[in-house]
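Colleague: Take a look at the following structure, please.
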Amino acid sequence: MPLASSLRMAALALLWGSGFLWIKLALDHGLSPAQITIARCVLGTAVLLVLARWAGQRLPRDRATWRRLVIAALFCNALPFALFSVGEQTVDSGVAGVLNATTPLWSLLIGVLLGTDRGLGRVRLAGLLLGFAGAVLIFAPWQRSGLLGWGAAALLAAAASYAVAFAYMARHLTDRRAPLALSAAQLLTATGWSAFALPVAGPLDADATALLAVTALGVLGTGVTFYLNYRLIADEGPTSAATVGYLLPVVSVALGALVLGEEVGARVVAGMVVVLLGVALTRRIPAARGTTPEAPAPATAASATTVPAASTPVTAAPESAGPGTQAPAASAPTTPAPDTGRRRTAAPAATTPTTSAP
């Protein structure tokens, strides 16, 4: 992989993984979950509108697309953004990043229940059960000091919301001609959804740290990360970009420990490893008889986001990513990438994950 792409991947993992840190800082310094959600949507929209205009892409003009974006923006952006902020009121940012990585598990479960994913098999079933077992290990409900509570439930609900969004977007948002503009339109719609929270947002009583944190979350963790992921998939393909999804929990746990002094116990680390192993197993697709299995290219969503959890998932997050973006993981767009002298690959459309991003 060229140095530029490697640096882009490292920056993407850092920015997406730091989304959980920014949410925690904003909460600890005076912003409410509703205020964080609204500010994140507004700032992310502004960045993506600028990027779309720079790329010469226009917002959708047909009513059918906007009607679909109303649903996608709710489940891929507004709802998970709010749930991550609510959840981190009582759960460490590092744990939030790990729970965001369960999005692919929810995606597989939804696919099986809806009958859209029939290639389950023993390996993928084992991965599904193993992944959720890792989440249970993190919660440790058998201990009085376990993490099971309404905050953890909100974080899992956010990851599941990304999965619902990806399933919907894979079927109904398949326009791949203007991914940046479609993502901007989706986040603009999410801003409209988040405005309903204004009556409960409360008075603004935040310090400079909170304002800087939410600015970083909206501009870097939501807007800029989409563009970086867009370029990474265009230059190197979705398989390379999917690697970022496995780095997000590690980044979130490391930043939580180093910056916030969060305690990283052996149980949480073990649970993270089990969750990621389960996710890796669910990504294995049985090969047709007489063929050689290949590593599947992860589906990408146009958000987060994936976010996001704390990311995105308005951004084109790999299915295992998370904040904003989860982002999010349902369709791999095919906008042609610029000619860079390498094999051309499909660029992500604006319909997620996280990738879910936080």
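The values are calculated or read from the model by the stated rules, or taken from the named source; none is laboratory data. Note that this is a predicted model, so its numbers are computed, not measured. Here Cβ is always computed from backbone atoms with ideal geometry, including for glycine, and neighbour counts include all displayed protein chains. What goes into the accessible areas is simple: the full protein's heavy atoms, side chains included, and nothing from ligands, DNA or RNA. Shrake-Rupley method; radii C 1.70, N 1.55, O 1.52, S 1.80 Å.
Colleague: Can you pull out the residues in the range 167-178 that are in contact with a Pro (Cβ under 8 Å, 6 or more places away or on another chain), at pLDDT 85 or above and of a type outside the set (A, V, I, L, M)?
Modeller: none
Colleague: Working only within the range 1-41, note down all residues that are open to solvent by 20 Å² or more (accessible area, probe 1.4 Å), of a type in the set (A, V, I, L, M) and closer than 21 Å to GLY97 by Cβ.
Modeller: Within the range 1-41, MET9, ALA10, ALA11, LEU14, LEU15, LEU25, LEU27, ALA39 qualify.
Colleague: Of all helices (runs of 4 or more DSSP H) completely enclosed by the range 192-287, which ones contain at least 3 residues that are out of contact with any strand residue (DSSP E or B) (no Cβ under 7 Å at 6 or more places or on another chain), modelled with pLDDT under 90 and farther than 18 Å from LEU48 by Cβ?
Modeller: In the range 192-287, 238-260, 266-282 are the helices (runs of 4 or more DSSP H) which contain 3 or more residues that are out of contact with any strand residue (DSSP E or B) (no Cβ under 7 Å at 6 or more places or on another chain), modelled with pLDDT under 90 and farther than 18 Å from LEU48 by Cβ.
Colleague: Next question, about the same structure. Can you pull out every residue in the range 253-272 that is within 17 Å of GLY134 (Cα to Cα) and surrounded by 15 or more Cβ atoms within 10 Å (Cβ to Cβ)?
Modeller: VAL253, VAL264, ARG267, VAL268, VAL269, GLY271, MET272 - these are the residues of the range 253-272 that are within 17 Å of GLY134 (Cα to Cα) and surrounded by 15 or more Cβ atoms within 10 Å (Cβ to Cβ).
Colleague: Here's something else I'd like to know. Can you find a residue in the range 123-135 that is in a loop (DSSP other than H, G, I, E, B), open to solvent by less than 50 Å² (accessible area, probe 1.4 Å) and either at pLDDT below 90 or more than 27 Å from ILE23 (Cα to Cα) (or both)?
Modeller: No: the range 123-135 contains no residue that is in a loop (DSSP other than H, G, I, E, B), open to solvent by less than 50 Å² (accessible area, probe 1.4 Å) and either at pLDDT below 90 or more than 27 Å from ILE23 (Cα to Cα) (or both).
Colleague: Select from the range 185-209 the residues that are farther than 17 Å from SER85 by Cβ and of a type in the set (S, T, N, Q) and list them in ascending order.
Modeller: Passing the criteria: GLN186, THR189.
Colleague: Which one is nearest to GLU263 (Cα to Cα), of the residues in the range 80-122 that are surrounded by fewer than 18 Cβ atoms within 10 Å (Cβ to Cβ) and among the β-branched types (Val, Ile, Thr)?
Modeller: Looking at residues that are surrounded by fewer than 18 Cβ atoms within 10 Å (Cβ to Cβ) and among the β-branched types (Val, Ile, Thr), I get THR90.
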